[in-house]
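Novice: Submitted below is the structure of interest, expressed as structure tokens.
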Amino acid sequence: MKNIINYLMKDTEVLHLLKNNKICIIGISPEENKALIDVVLNKKPQLQAYYWK
Amino acid sequence: MSLDVNNRLYSTMVDILETYVSNEDMKTQLSDFIDFKKDEGYLFGELVVLHYVIYNNKIENHIFKVAAAIELLILSFDILDDIEDQDNFSPPWVQQQNLSLNISSYLLFLCQLIIKESDFKHKYIALELLVTNALRAIEGQHIDLLNNITCEDRYIDMVVLKSGSLTTLACLIGTVLANPDKATEVQLYGSHIGVIGQIQNDMEGMKRWDGKNDLLNKKWTLPILYLLSVEQNHTAIEKIQNYYNGSVEKHEILKLSKVIESLLEETGAFLYSKVTQQLYRNKAESSIMSLSINKKYKKALLKYI
């Protein structure tokens, strides 16, 4: 998944397609695809600052 | 959870100090420590109370004492962590570290005594879970302190131990005191709550350039592991690698703070951390949604992920 995310950052067109739910990424699992799309679409509110050590 | 629960946990901890601690100086210091943590809220105590309510179907006063005991256990770990890491000098327990270490030892035993003295039917199951998960967290902390993790899988294993064990502990103790049969279904997402929180902390740790910045402290965290693995041919990355192996000084890294911040965004280090965090959030959500519990409790649990 590392390489794919690194690649995505360099290809705004792919990122745009991902944002519009037009594509899924081959080479990562369906779970990773879902998580990636969730984050790109900012579906979930970001956590408030935690206080972990 | 409501402010009421947090206030109640606070006042229960104060009552515990009055009841158990006879040395006035120790009592005063502990009181300062508890006050210091009040603004953060008592996440672990909340998880104990929430899980007890979920599986007992009603709230009972005596769960607050156990939840407060778990918060005191977490306080003892916070004290140890800050003294071991030497990266956070704002808490009151870093002022007189010899005394704080002694207080931390005291809390480790006090929390167990409180559970043992409670009148819960399954208190010994809870005690065993406390000890086994606390030991796992300490092993995770040991691996973290060794600071020689260079691959992501081992990093996640360490986080599961260090942070996941503590959230598991809180969720499980509330659960087993109400119904030990439900422990298995809680265990998995309990750990995920800790992993999600730790990854958040890793990201926060790269957005500041004070003493708590993980890179300045030469710590290996998820965004740092990613950054150093995907971007090899950049002068700033070379500097970071040399900083980690001791041939570059901190002030040289500080000069590059803006460049490093940009690299974290541009290379996808933050995106990768967020996606990894989201993976755990989705797993936790799926576990929570599959529980046979009231909808309002599912909603309450989802707030922690």
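Novice: With axes computed from alpha carbons, what is the tilt in degrees of helix B:257-266 against the longest principal axis of chain B, rounded to the nearest 10 within 0 to 90?
Specialist: 80
Novice: Nothing charged except the Cβ atoms of Lys and Arg (+1) and of Asp and Glu (-1): what's the magnitude of the dipole of the range B:162-305 about its Cα centre? Round to the nearest 20 debye.
Specialist: Numbers: 19 positive and 14 negative charges, 128 e Å.
Its charge dipole is roughly 620 debye.
Novice: In peptide A:28-39, how many Cβ atoms from other protein chains are near each Cβ within 10 Å, on average? Write down the numbers at each step before the final one.
Specialist: On the way: counts 1, 1, 0, 5, 5, 1, 4, 10, 6, 2, 6, 11.
That works out to 4 on average.
Novice: Right, something else. Within the range B:77-172, list the chymotrypsin sites (Phe, Trp or Tyr not before Pro) lying in a DSSP loop whose Cβ has at most 12 other Cβ atoms in a 10 Å radius. Write out the running numbers ahead of the final one.
Specialist: Details: sites: B:Phe77, B:Phe89, B:Trp93, B:Tyr106, B:Phe109, B:Phe120, B:Tyr124, B:Tyr155; in loops: B:Phe89, B:Phe120.
Passing both the DSSP loop test and the Cβ count: B:Phe89.
Novice: How high is the relative contact order of the range B:188-261, in percent, with contacts defined as C-alpha pairs under 8 Å that are six or more residues apart? Before the final figure, lay out the partial values.
Specialist: Numbers: 41 pairs, mean separation 17.1, N = 74.
Value for the range B:188-261: 23 percent.
Novice: Calculate the dipole size of chain B relative to its Cα centre from +1 charges on Lys and Arg beta carbons and -1 charges on Asp and Glu beta carbons; express the result in debye to the nearest 20. Kindly include the intermediate steps, with their values, before the conclusion.
Specialist: Details: 30 positive and 40 negative charges, 208 e Å.
Here chain B has a charge dipole of around 1000 debye.
Novice: Would you work out which of B:Ser163, B:Ser286, B:Leu113 lies farthest towards the positive end of the dipole of the protein assembly as shown? Charges go on Cβ: Lys and Arg +1, Asp and Glu -1.
Specialist: My answer, from the dipole projection, is B:Ser286.
Novice: Taking 30 Å as R0, compute the FRET efficiency from the Cβ-Cβ separation of A:Leu17 and B:Ser286 and round it to 0.05.
Specialist: Numbers: r = 26 Å, r/R0 = 0.87.
So, using R0 = 30 Å, E works out to roughly 0.70.
Novice: To continue, here is another question. Report the Stokes-Einstein translational diffusion coefficient (µm² s⁻¹, integer) for the range B:1-50, Rh taken as the Kirkwood radius over Cα pairs, at 37 °C with viscosity 0.692 mPa s. Don't skip to the answer; put the middle values down first.
Specialist: Numbers: Rh = 11.4 Å.
Rounded to a whole number, D works out at 289 µm²/s.
Novice: Please turn the phi angles of the range B:267-279 into ³J(HN,Hα) values with the Karplus equation 6.51 cos²θ - 1.76 cosθ + 1.60 (θ = phi - 60°), one per residue in order, whole Hz, x for glycine and proline.
Specialist: 7, x, 4, 6, 4, 4, 5, 5, 5, 4, 4, 5, 4
Novice: Give me the dipole magnitude in Debye, nearest 20, for the protein assembly as shown about the Cα centre, with unit charges on the beta carbon: positive for Lys and Arg, negative for Asp and Glu.
Specialist: Working: 38 positive and 45 negative charges, 253 e Å.
Here the protein assembly as shown has a charge dipole of around 1220 debye.
Novice: Right, here's the next one. Run through every distinct alpha carbon pair of the range B:150-305 and return the Kirkwood hydrodynamic radius in angstroms, one decimal place.
Specialist: Details: mean 1/r = 0.0585 Å⁻¹.
Hydrodynamic radius (Kirkwood, Cα pairs) of the range B:150-305 is 17.1 Å.
Novice: Calculate the mean, over all residues of peptide B:193-200, of how many other protein chain Cβ atoms lie within 10 angstrom of the residue's Cβ.
Specialist: 3
Novice: Can you give the longest run of chain B that contains no trypsin sites (Lys or Arg not before Pro) sitting in a DSSP loop with at most 12 other Cβ atoms inside 10 Å? List each step's numbers first, then the result.
Specialist: Details: sites that count: B:Lys58, B:Lys121, B:Lys207, B:Arg208, B:Lys303.
In chain B, the maximal stretch lacking such sites is B:209-302.
Novice: Cβ under 15 Å from B:Leu50's Cβ, B:Leu50 left aside: what net charge do those residues give with Lys, Arg +1 and Asp, Glu -1? Spell out each step's value before the answer.
Specialist: On the way: positive: B:Arg8, B:Lys58, B:Lys182, B:Lys295, B:Lys296, B:Lys298, B:Lys299, B:Lys303; negative: B:Asp4, B:Glu46, B:Glu60, B:Glu71, B:Glu185.
Net charge in that neighbourhood comes out at +3.
Novice: Please list 3J(HN,Hα) in residue order for the range B:21-30, calculated via the Karplus relation 6.51 cos²θ - 1.76 cosθ + 1.60 where θ = phi - 60°; whole Hz, with x for glycine and proline.
Specialist: 8, 8, 6, 5, 5, 4, 5, 5, 5, 4
Novice: Related question: Aspartates and glutamates within cross-link reach of A:Lys2: Cα-Cα under 15 Å, excluding same-chain residues under 8 positions apart?
Specialist: A:Asp11, A:Glu31, A:Glu32, B:Glu152, B:Asp153, B:Glu231, B:Glu265, B:Glu266
Novice: Just to confirm my numbers, what's the Cα centroid distance between the range B:225-280 and the range B:107-149 in Å?
Specialist: Their Cα centres are 35 Å away from one another.
Novice: Express in % the proportion of alpha carbon pairs of chain B at distances exceeding 31 Å.
Specialist: Working: 15628 of 46360 pairs.
Here the long-distance tail beyond 31 Å is 34 percent of all Cα pairs in chain B.
Novice: What relative contact order, as a whole-number percentage, does chain B give when Cα pairs under 8 Å and 6 or more residues apart are counted?
Specialist: Details: 363 pairs, mean separation 48.4, N = 305.
Value for chain B: 16 percent.
Novice: Please list, or write none, the lysines whose alpha carbon is within less than 20 Å of the alpha carbon of B:Lys218, excluding same-chain residues fewer than 8 places away.
Specialist: A:Lys53, B:Lys162, B:Lys207, B:Lys239, B:Lys250, B:Lys255, B:Lys258
Novice: Please list, or write none, the lysines whose alpha carbon is within less than 22 Å of the alpha carbon of B:Lys296, excluding same-chain residues fewer than 8 places away.
Specialist: By straight Cα distance, B:Lys296 reaches A:Lys43, A:Lys44, B:Lys58, B:Lys182, B:Lys283.
Novice: Also: List, in order, the whole-Hz ³J(HN,Hα) value for each residue of the range B:74-88 obtained from phi through the Karplus relation with A = 6.51, B = -1.76, C = 1.60 and θ = phi - 60°; use x for Gly and Pro.
Specialist: Along the range B:74-88, the couplings run 5, 4, 4, 5, 4, 4, 4, 4, 5, 6, 5, 7, 6, 10, 9 Hz.
Novice: Provide the packing ranking of A:33-39, B:30-36, i.e. peptides ordered by the mean count of other C-beta atoms within 10 Å per residue, highest first. Mind showing how you got there, number by number?
Specialist: On the way: A:33-39: 20.3, B:30-36: 17.7.
With the highest mean Cβ count within 10 Å placed first, the list reads A:33-39, B:30-36.
Novice: From the helices alone, meaning DSSP H stretches of at least four residues, give me the mean residue ellipticity at 222 nm for chain B, per-run term -39500 (n - 2.57), in deg cm²/dmol to the nearest 500.
Specialist: Details: 15 runs with 224 residues, N = 305.
So the helix-based figure for chain B works out to -24000 deg cm²/dmol.
Novice: Counting every Cα pair in the protein assembly as shown, what percent are over 30 Å apart? If you can, show how the numbers build up before the last one.
Specialist: Working: 26340 of 63903 pairs.
Of all Cα-Cα distances in the protein assembly as shown, 41 percent exceed 30 Å.
Values quoted throughout were computed directly from the atomic coordinates according to the rules given, and no laboratory measurement underlies them. Worth saying up front: this structure is predicted, and the values here are computed from it rather than measured. Ideal geometry is used to build each Cβ from the backbone, glycine not excepted, and the neighbour counts take in all protein chains shown.
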